[in-house]
Structure formats: C-alpha cells, structure tokens
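Worksheet for the structure shown next.
The values are calculated or read from the model by the stated rules, or taken from the named source; none is laboratory data. Source: prediction; values computed, not measured. Neighbour counts are summed over all protein chains in view; Cβ atoms, including those assigned to glycine, are modelled from backbone coordinates with ideal geometry. For accessibility, only protein heavy atoms count, side chains too; no ligands or nucleic acids. Shrake-Rupley method; radii C 1.70, N 1.55, O 1.52, S 1.80 Å.
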Amino acid sequence: MYLLNDLQRKHRIKKLLRWAMQSEFYRQKYSGYEEALQKGELQRLPYTTKEEIDFDKLATVDKERFVMVGRSSGTVDKPTFLFFTPEDMKNTIEVWTVRCWQFVGLTNKDVFLNLTRYDNLHISGYITQAGSIKLGMTVIPYGAGGDPDQILSLIKRFGVTSFVFRPSHVMRLGMFYRSQGVEPSELGIQKIIVTGEWMSKEFRRMLEELWGADVYVLYTMTEAMGDVGSECKEKDGTHIFDDYFLIELRELSLPEKSVTHTLENAGEIILTTMRENMPFIRYRTGDLGMEISKKCACGSKHQRIHLLGRVNEVLRVGSLAVTPLDIQTLLLRIPGMSGLYTLTVDGKEASKLHLEIETLEAEHTEHKKQEIRDLLLENLEVESSLIGDIDIKLVPLSFSLNYNKQKYFAI
Ligand SMILES: [Zn+2]
C-alpha cells in the first residue's frame, strides 16, 4: 500500500535515499544495497526497527542547522532524542497541528485548552501551541496531567471550546466532574481531540455523549516528528498525510477476523518519513492498521486506514484474533462499564486470566461478574473452563490523570 502515484513516488524516494545515506546509521545498514538505493527501490531495502536505530548516528545534516531538541520515545533509562531543523519545525507545525485542526474543523473562533506535554523535552505541547496560534485560535497552555479542578476553572473562565487529551483521560475527567455534580456536556466543549491511546467506536460514543462534543482521533508518533494522520469530520478512518509519509502494511499471518470486526488487509504499519533530516525508512511501527479502499465522503484525497492497536497485543484465541478494542467493545455492552480495564495473562498459553475492570457503579456484585463471564464465553472461542477460572475484579473508575498510558493487555 503506497499512497503516492508511481512517478512522484520514485522521484521522492530517490531523493530521500540520497539524504538518508548522509547518515552513519543508514550507510552501515544499507551497505550492499547500492543498486536498490540508486534505483529508488524502497521495497528491496530491509525494515528498520526501534531497537536497532541508533539516534546518535541518524543525523543527515550539520548540527549547526538544528534549532530544537525533542525527546523521542526511547526508554526511561535510555531516552532518545530527535533534532529539528527550521524546515522540520515548519513542517511539523504545519502537519501536526494546522492540517489536523483543519481536518476536524477547528478555526480561529475556537478557544483551545492544550493538555499535551511541555515538560521534560516533550515537544508536543509546544508544537500544538504553535500550530493553534498560527490558525488564529486562542490557546491556553496548560500541559498534560494536572488538576481536574484547575482544568474546570479554566474551561469556565475562558469559554474553552476544544481540548486535546488521551481518550482514557477524557473519560476520567468527565466522570470526575459528573461525580462532583457538574455535567460535562453543559460546559460548552464542542470538539475533543484524542491521541496516544487506542479506543473502540463504542468508547468514542460514550465520550461524545458524556461531553456533548465530537471526538476525533489523531495518529501521532514522535519518531515521525508529529502527526502521521488525522480523522476528518466523517470519523471513519484516519487520513494519512501521504505528502510527508509513505505507509506500507506488512503482512502478518493474522486470523481473518477478530471478535468484533474483520481483519481483512490488516498489517503492521511500516512508515517512511519523507524528510531530509533524521529520516525513518521502512520503520516497523508495531501498530496494526487496515487499509480502507473507498474514497472518503469528506472529499480528501489522502488515503485512509483504520487503526486497530498494537501488533504485539493481538491474542489468537481459537480461529479468532482478540485485541484490546474487542474486549472494550464487549464490555461496553454491559451497563455500568467504563470501557477501561486491564487484562493480565499468566503464561503464553493463557492458562490464567485476570481481568480488572473499572466501573461507573458504586456496587460490585457477583451477579455482574457472572454477566461478564457469560459475555466473554459467548463471544470468545475458548474453553469454558478458562473463562470459568477467569479472575474478575471490579473497581471504581480512577480519576487520576497521571502520565501513564492506559494498559489494556498486560501479557
Ligand atoms: Zn475524510
């Protein structure tokens, strides 16, 4: 799956590979691939992975051209850094924010509460702010995490119409206000942008009802220096910004269906960033995507994919795949569920399952646990003894807005 026409693609790939070979990392990695490099035959080049990329050897331009340092994902012990040139900054602001906001219909009339991170070399806060200002929006630079009471007073004081946050945080924040007697849908929020976690359609519907707002998903990746794609007002798949990124789907031997949807044409998203500085070439993102061949009703020519979660979080159960979003979809069929949960699997054979579910109810009865067991048994092709043994714990929804991502599968 390539998203540029052939001629354009060939020309740009050749240029990209010439840039890439300025870096020590790619010179070593692609030694012996001279012919493919010269002909721009991207598909003959091996994939790159997060584990092997040496960020210190990835630079392709003189360091005098760098104007900003940002943190890429890395690990706590070994953080990795991206270096931005002025052109990177311009493109990142333009694509990450301005274009995304145009896709979801934000305008200079919006008052925007920026709940992305500014701290500890995370540059999402800065980029989001710069793009929003460029669009003429009024920005309130709050940052991630934070105090729900403070956030509420800012929403009321400035008449906030939109904010960006993780989907699980949007749920926690809204339910916290409701528990305090404040109805989120009466706060005047019109558009909520979510990123950083996956969510099912059913979870989105809950958020939209809770807040009385439209919820849109961005596909953001620090390695890509920003946003790879965005939903549009149709909310039917993510448009990939194919003038900056090439996407391929790496075939995986997945079952044809998961518990709640088809996996036809699904694969691991392979990303190539079309930039001069620190390019990523055939980078295995670990994200699971599914191609959408139909044109979008919004009229955009940017092709779409459905984002389905992480490749390493797909469990195979019988003839079906089970993803975190499947379990979320199933759980939300039962009243009183928040959609947030953690499933812990002991051992590769899934010999013992622990399911901790955050609920919206004060009382947690055995009857409810049995209802959940029955639902799982009905929908998963597993031995009934496995579900019979499943250890289900119901806990009240936490209102904590910490930095940790919602972990659905702990495998
Ligand atoms: Zn569209």
Tell me the relative contact order for the chain as a rounded percent, counting alpha carbon contacts under 8 Å between residues six or more apart.
14 percent
Please identify every one of the trypsin sites (Lys or Arg not before Pro) in the range 99-181 that sits in a loop by DSSP and has no more than 12 other beta carbons within 10 Å of its own beta carbon.
Lys109
Whole-Å distance, taken between Cα centres, linking the range 18-57 and the range 354-377:
50 Å
Compactness of the range 114-204 as Cα Rg over 2.2 N^0.38 Å, two decimals
1.08
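How high is the relative contact order of the range 84-311? Use alpha-carbon pairs under 8 Å, at least six apart in sequence, and give a whole percent.
15 percent
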Highest mean packing first, using Cβ neighbours within 10 angstrom, the peptides 85-96, 364-375, 322-333 sort as 322-333, 85-96, 364-375
Treating only the Cβ atoms of Lys and Arg (+1) and Asp and Glu (-1) as charged, compute the dipole magnitude of the chain about its Cα centre; round to the nearest 20 debye.
1340 debye
For the range 82-147, what is Rg from Cα atoms divided by 2.2 N^0.38 Å, rounded to two decimals?
1.09
May I ask you to give the percent of accessible area on the chain that is carbon plus sulfur, with a probe radius of 1.4 Å?
48 percent
Mean accessible surface per residue for the range 84-311, computed with a 1.4 Å probe while every protein chain stays in place, in Å²:
38 Å²
Between the range 205-227 and the range 235-250, what is the separation of their alpha carbon centroids in Å?
16 Å
Projected-area average for the range 84-311 over all orientations - Cα convex hull basis, square nanometres:
12.7 nm²
Once every DSSP H run of n ≥ 4 in the chain is given -39500 (n - 2.57) and the sum is divided by its residues, what mean residue ellipticity at 222 nm do you get, rounded to the nearest 500 deg cm²/dmol?
-8000 deg cm²/dmol
Straight-distance crosslink candidates among lysines, where the alpha carbon sits under 19 Å from Lys90 and sequence neighbours closer than 8 are dropped:
Lys63, Lys134
What is the Rg over Rh value, at two decimals, for the range 316-410, using alpha-carbon atoms and the Kirkwood definition of Rh?
0.95
Whole-Hz couplings from phi, Karplus 6.51/-1.76/1.60, listed for the range 209-223; x for Gly and Pro:
5, 4, 9, x, 9, 7, 10, 10, 9, 9, 9, 10, 8, 4, 4
GNM on the chain, C-alpha springs below 10 Å: top fluctuator among Ile192, Ile133, Ile281?
Ile133
Starting from the Kirkwood Rh over alpha-carbon pairs, what translational D in µm² s⁻¹ does the chain have by Stokes-Einstein at 37 °C and 0.692 mPa s?
145 µm²/s
